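Written below as structure tokens is the structure these notes are about.
The values are calculated or read from the model by the stated rules, or taken from the named source; none is laboratory data. For clarity, every value in this text was computed on a predicted model and none was experimentally measured. Methodologically, a virtual Cβ is constructed for each residue, glycine included, from the backbone with ideal geometry; neighbour enumeration extends over all protein chains shown. Remember, those area values only see protein heavy atoms, side chains included, never the ligands or the DNA or RNA. Shrake-Rupley method; radii C 1.70, N 1.55, O 1.52, S 1.80 Å.
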Amino acid sequence: MGRFLLRRLLQLIPVFLGATLLIYFLVFSLPGDATAAICGEKGCTPAVEASLREQYNLDQPFWIQYLLYLKGIFTFDLGTNFAGQPITDILARVFPTTARLALMALAFEAVFGIAIGLFAGLKKGKFFDSTVLVFSLLVIAVPIFVLGFLMQFVVGVKLEWANPTVSGDASFTELILPALVLGLVSFAYVLRLTRTAVIENASADYVRTATAKGLSRRRVVTVHVLRNSMIPVVTFLGADLGALMGGAIVTEGIFNVNGVGNTLYRAVLNGEAPVVVSIVTVLIVVFVLANLLVDLLYAWLDPRIRYA
Amino acid sequence: MRYSRTSKILGVAAAVALSLSACGGGGDNAADGGGDTSRVIVVDGAEPQNPLIPTNTNEVGGGAVLDLIFAGLISYDADGKPQNEMAESIDTDDSQNYTIKLKADQKFTNGDPVTAASFVDAWNYGAAAKNAQLSGYFFESIEGYDEASAEGSKVDELSGLKVVDDTTFTVKLKQPESDFPLRLGYSAFYPMPEEALKDPKKYGENPVGNGPYKFDGDGAWEHETQIKLVPNEDYEGPQKPKNGGVTFKIYQNDTTAYQDLISDNLDVLKTIPTSDIKNFKNDLGDRSIESPYAGNQTIAIPYYLDNWDGEAGKLRRQAISMAINREEITDVIFNGGRTPAKEFTAPVLDGYSDSIPGSENLAYDPEKAKELWAKAEKIEPYDKSEKLTIAYNADKGDHKTWVEAVVNNIKNNLDIKVAGKPYATFKEVRTDATAQKLTGAIRSGWQADYPSLANFLGPIYTTGAGSNDAVYENKKFDDAITKGLSADNVEDGSKAMNEAQEMLLDDLPAIPLWYQVAQGGWSDNVENVEFGWNGVPLYYAITGK
């Protein structure tokens with residue numbers, strides 16, 4: 001088990017190097033001159049442009065720029081963005097907010113997705129099951145920004161149950177609405193995954209045996225049906241955490257959440273390679289760790305799975 | 001000189017107004033309009049793109065904040081008329097040598113006095129190449145600028161600036177320019193305290209100014225979230241705050257801000273998003289405003305393109321211009337939020353004229369357009385397979401809709417191939433424009449830095465100018481601008497500028513489309529909202545209800 005963990009953690013190193021190199025190269029290759037973004041509509045003088053290039057190493061070839069960035073990582077000095085803010089400050093500002101939002105969305109989709117999916121699976125073909133299936137299909141089919149604006153308008157503007165936008169504190173209560181919107185589509189997937197797995201397992205041999213042994217219905221459902229149905233769901237949730245954090249850009253935009261999405265978007269537009277790479281690298285690490293956790297959960301969910 | 005006399009009178013008028021409002025006392029009622037003067041006004045803002053240093057801010061997000069926390073030598077009232085702030089007087093005999101006297105006993109909010117050196121040092125800092133300040137080019141008229149701003153230059157002082165005593169300094173320009181005093185209200189010309197120049201990086205996070213407002217303590221700028229300003233009690237100028245503070249709430253997009261506005265979570269929104277243009281007057285009623293400001297939209301056609309140079313090129317430019325139905329586009333697409341252009345500047349400016357000879361080239365006349373195009377064909381045939389593109393950036397500004405409308409106008413009336421050419425980002429289109437590698441026309445807009453006709457002409461159409469995307473080169477035009485700048489007074493200057501515009505209207509290096517109109521609104525919680533000459537609300541005058 002310890003060796004398994006160590007091996008997986010060591011795998012992070014090549015993933016990290018490969019990802020930073022690739023992303024740095026992609027941002028570097030974006031067309032357009034980054035100084036044009038700094039100088040704005042009215043431009044600046046050639047002397048100012050030259051000194052901006054020097055300041056942000058934009059006058060260096062790709063390899064030098066990349067190595068300078070790597071050097072920055074190891075000396076814990078990621079440099080600054082074009083507005084002069086330290087990149088470490090930016091990371092410290094945007095990640096806690098987005099992580100909170102993503103975890104809330106994850107909790108919402110896990111709890112409600114699994115609960116409703118289980119219920120629907122056990123009542124296969126009944127009215128509740130059919131209703132839930134149609135509803136989840138609808139949620140998957142409608143684009144997220146439509147759902148977002150709709151919820152914002154109904155809940156925030158018409159009913160005034162919550163503010164339409166999130167303040168700088170991004171407190172728990174403020175994030176409930178955005179988290180619901182963010183988790184809605186995944187919720188539908190979790191629900192459908194759970195339902196399918198439950199239906200499959202409900203007719204499995206070991207469930208029949210358990211029932212025949214005279215175990216209570218409650219125990220059969222929670223321990224034998226549900227636990228065994230969790231493997232595909234947990235796999236999905238693990239991958240989804242990364243997707244939620246990186247993909248919250250639309251939701252964050254609608255509710256004005258000061259998180260990863262908007263900062264990343266602006267950095268890409270401006271060609272700020274160090275900012276983009278730093279943010280994406282953290283996202284990759286989160287993604288890899290979440291999946292490691294999922295692998296460990298497999299062994300707990302299904303004792304037949306062993307790691308060495 | 002006329003200017004200095006008016007500015008002295010203005011100074012007196014401002015002082016009188018101030019003492020009058022002081023009599024009213026700091027109670028609940030402002031001198032005019034009434035309203036709650038203790039309310040903190042929440043307005044929409046954008047994250048400043050640079051540290052908040054006056055000489056290093058070249059965009060509106062940071063500019064709006066700077067304009068509240070700093071007071072320059074002069075400021076502009078709602079109509080763009082100059083009024084004295086820190087200046088007691090600005091005098092000149094020849095429009096080239098200026099003597100600037102400051103009001104006595106003015107202070108920065110850290111207690112430092114505002115002296116002649118506060119201005120001179122700040123301007124020197126802004127102009128010197130080694131400091132790489134984005135707005136450094138604003139000092140280009142001052143003697144010694146070329147030496148200080150040259151690439152790699154170690155010179156850090158402008159030879160044209162001299163401190164005489166604590167409250168007096170002199171400015172020597174390279175050549176006479178009568179609208180120089182008019183520029184002094186622009187943010188690049190604000191004074192800075194000593195601490196700013198010692199550690200600009202630290203200062204840019206928590207700037208200390210001398211304006212109507214100040215930062216609400218260190219860290220009042222919460223990045224990407226909000227910037228909190230409170231009134232500066234020591235400020236005694238024409239923009240005395242009538243509210244308990246201004247908080248800029250930073251929005252990622254206008255649509256979200258609009259939702260906050262209609263649910264009364266935001267007090268003032270200065271730009272209604274395109275998607276709500278059709279219904280904002282219904283939603284807000286008398287809390288909406290349409291206020292023309294000093295900005296315009298044009299399409300520049302570079303002279304380095306085939307077909308668009310020489311006599312035939314000129315006829316083609318005129319044909320394109322007459323093929324565009326400006327009235328219809330401003331009506332249908334912008335719902336009246338723009339007004340058709342009659343020349344190259346903007347109607348809110350002093351000296352504007354809507355009947356400059358040649359302005360008929362901007363009127364919709366498809367028959368004449370076809371005629372002119374045919375005439376150009378006789379001189380030099382146009383390759384029908386060639387496509388005229390109009391470049392625009394797709395990342396901000398919502399240009400797609402109107403570019404498509406213009407494209408259709410030209411296509412239908414002249415029967416040539418035309419298409420919009422979206423660039424993914426602003427920086428890409430600017431890179432091609434600066435490198436003169438555009439393959440077609442480019443949309444370009446101009447927002448005034450200071451209320452002057454010259455600001456819309458000099459930086460865009462003179463030979464080699466920084467924003468001359470069309471690469472227009474016309475010696476006669478350059479001379480006319482120089483002549484206009486050196487006129488004895490602003491009136492004569494404006495006249496000369498409009499004469500220079502006759503050449504532009506004939507040559508059409510760029511095709512003026514329309515003038516900008518600010519479309520904004522406010523919540524049920526505030527009143528006394530008015531927009532200024534530059535499309536920015538007069539934040540200081542807003543009161544609670």
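Dipole magnitude for the protein assembly as shown: computed about the Cα centre from +1 point charges on Lys and Arg Cβ and -1 point charges on Asp and Glu Cβ, it is near 4960 debye.
Placing +1 on each Lys and Arg Cβ and -1 on each Asp and Glu Cβ, with no other charges, gives region A:1-144 a dipole about its Cα centre of roughly 920 debye.
When only alpha carbons are used to place a centre, region B:517-540 and region A:143-186 end up 28 Å from one another. Its Cα centre serving as origin, region B:78-221 has a Cβ charge dipole (Lys and Arg +1, Asp and Glu -1) of approximately 200 debye.
Just so you know, the averaged projected area of the alpha carbon convex hull for chain A sits at 20.6 nm². Other residues whose C-beta falls under 15 angstrom from the C-beta of A:ALA212 contribute a net charge of +3, scoring Lys and Arg +1 and Asp and Glu -1.
Listed by chain and number, the aspartates and glutamates placed with their C-alpha closer than 14 angstrom to that of B:LYS240 are B:ASP32, B:ASP67, B:ASP77, B:GLU85; residues fewer than eight positions away on the same chain are left out.
Please give the FRET efficiency for A:ASP59 paired with A:ALA239, using the beta carbon to beta carbon distance and R0 = 41 Å, rounded to the nearest 0.05. Don't jump to the answer; show the numbers that get you there.
Values: r = 40 Å, r/R0 = 0.98.
Taking R0 as 41 Å, the efficiency between A:ASP59 and A:ALA239 is 0.55.
Taking the longest Cα principal axis of chain B as reference, the axis of helix B:60-69 is set at about 30 degrees. Cross-linked pairs B:LYS228/B:LYS278; B:LYS342/B:LYS475; B:LYS81/B:LYS103; B:LYS278/B:LYS427; B:LYS214/B:LYS270: Cα-Cα separations exceed 27 Å for B:LYS228/B:LYS278; B:LYS278/B:LYS427.
Could you tell me whether region B:242-373 comes out rounded, prolate or oblate from its Cα gyration tensor? Rule is a ≥ b ≥ c as square roots of the eigenvalues, rounded for a/c under 1.5, then prolate if a/b exceeds b/c, otherwise oblate. Since a/c reaches 1.5 and a/b is larger than b/c, the shape of region B:242-373 is classed as prolate.
Would you be so kind as to identify which of B:ILE511, B:LEU266, B:PHE215 lies farthest towards the positive end of the dipole of chain B, taking Lys and Arg as +1 and Asp and Glu as -1 on Cβ and the Cα centre as origin? The listed residue farthest towards the positive side: B:ILE511. Over chain B, the Kirkwood radius and the radius of gyration, each from Cα atoms, give a ratio Rg/Rh of 0.97. Over region B:458-545, the hull volume per residue, using the convex hull of the C-alpha atoms, is 137 Å³. The relative contact order of region A:136-242 comes to 26 percent, based on Cα pairs under 8 Å that sit 6 or more residues apart. Per residue, the solvent-accessible area of chain B (1.4 Å probe, heavy atoms of protein chains only, all protein chains present) comes to 39 Å².
Of the residues in region B:134-181, those shielded by at least 40 Å² of accessible area once partner protein chains are present, compared with the chain alone at a 1.4 Å probe, are B:LEU134, B:TYR137, B:GLU151. Here each label is just a point 7 Å from Cα along the line to Cβ, and for A:SER171 and B:ASP264 those points are 2.0 nm apart. Each part reduced to its alpha carbon centroid, region A:244-262 and region B:149-195 end up 44 Å apart. Counting only alpha carbon atoms, the long axis of helix A:227-246 and the longest principal axis of chain A meet at about 20°. Rolling a 1.4 Å probe over the protein heavy atoms of region A:154-308, with every protein chain left in place, gives an accessible area that is 64 percent carbon and sulfur.
Partner shielding of B:430-437 amounts to 4, given as the average count of beta-carbon atoms from other chains within 10 Å of each residue beta-carbon.
For region A:219-264, the solvent-accessible area of protein heavy atoms averages 27 Å² per residue (probe radius 1.4 Å; ligands and nucleic acids excluded).
Toward the positive end of the charge dipole of the protein assembly as shown, with +1 on the Cβ of Lys and Arg and -1 on the Cβ of Asp and Glu, the farthest Cα among A:VAL286, B:PRO340, A:PRO274 is that of A:VAL286. Principal semi-axes of the equivalent ellipsoid, √(5λ) from the alpha carbon gyration tensor of region B:307-452, are 24, 21, 16 Å from largest down. Taking Lys and Arg as +1 and Asp and Glu as -1, the other residues whose beta-carbon sits under 13 Å from that of B:GLN106 total -4. Under 15 Å from the Cβ of A:GLY2, count the other residues' Cβ atoms, weight Lys and Arg +1, Asp and Glu -1, and hand me the total. That sum, taken over residues with Cβ under 15 Å, equals +3. Ranking A:TYR265, A:PHE255, A:THR194 by how far each Cα lies toward the positive end of the dipole of region A:185-294 (charges on Cβ) leaves A:THR194 at the top. Between A and B, buried accessible area from a 1.4 angstrom probe totals roughly 3700 Å², ignoring ligands, DNA and RNA. Let a ≥ b ≥ c be the square roots of the eigenvalues of the Cα gyration tensor of region B:142-271; is it rounded (a/c under 1.5), or, if not, prolate (a/b larger than b/c) or oblate? It is prolate, given that a/c is not under 1.5 and a/b is the larger ratio. Pairs of Cα atoms in region A:32-152 fall into 5 Å distance bins, from 0 up to the last occupied one, in shares of 2, 8, 10, 12, 11, 9, 8, 8, 9, 7, 6, 5, 3, 1, 0 percent. For region B:243-344, relative contact order (Cα pairs under 8 Å, six or more residues apart, normalised by length) works out to 16 percent.
Among the GluC sites (Glu not before Pro) in region B:115-204, those placed in a DSSP loop whose Cβ has at most 13 other Cβ atoms within 10 Å are B:GLU151. Expressed in Å, the radius of gyration and Dmax of the Cα atoms of the protein assembly as shown are 30.8, 109. Separation of region B:284-338 and region A:188-232, taken as the distance between their Cα centroids, equals 67 angstrom.
Among the protein heavy atoms, those of B:LYS249 account for about 40 Å² of accessible surface (1.4 Å probe, every chain in place).
For chain B, the longest principal axis of the Cα atoms and the long axis of helix B:475-485 meet at an angle of about 20 degrees. For chain A, the relative contact order works out to 27 percent when only alpha carbon pairs closer than 8 Å and six or more residues apart are counted.
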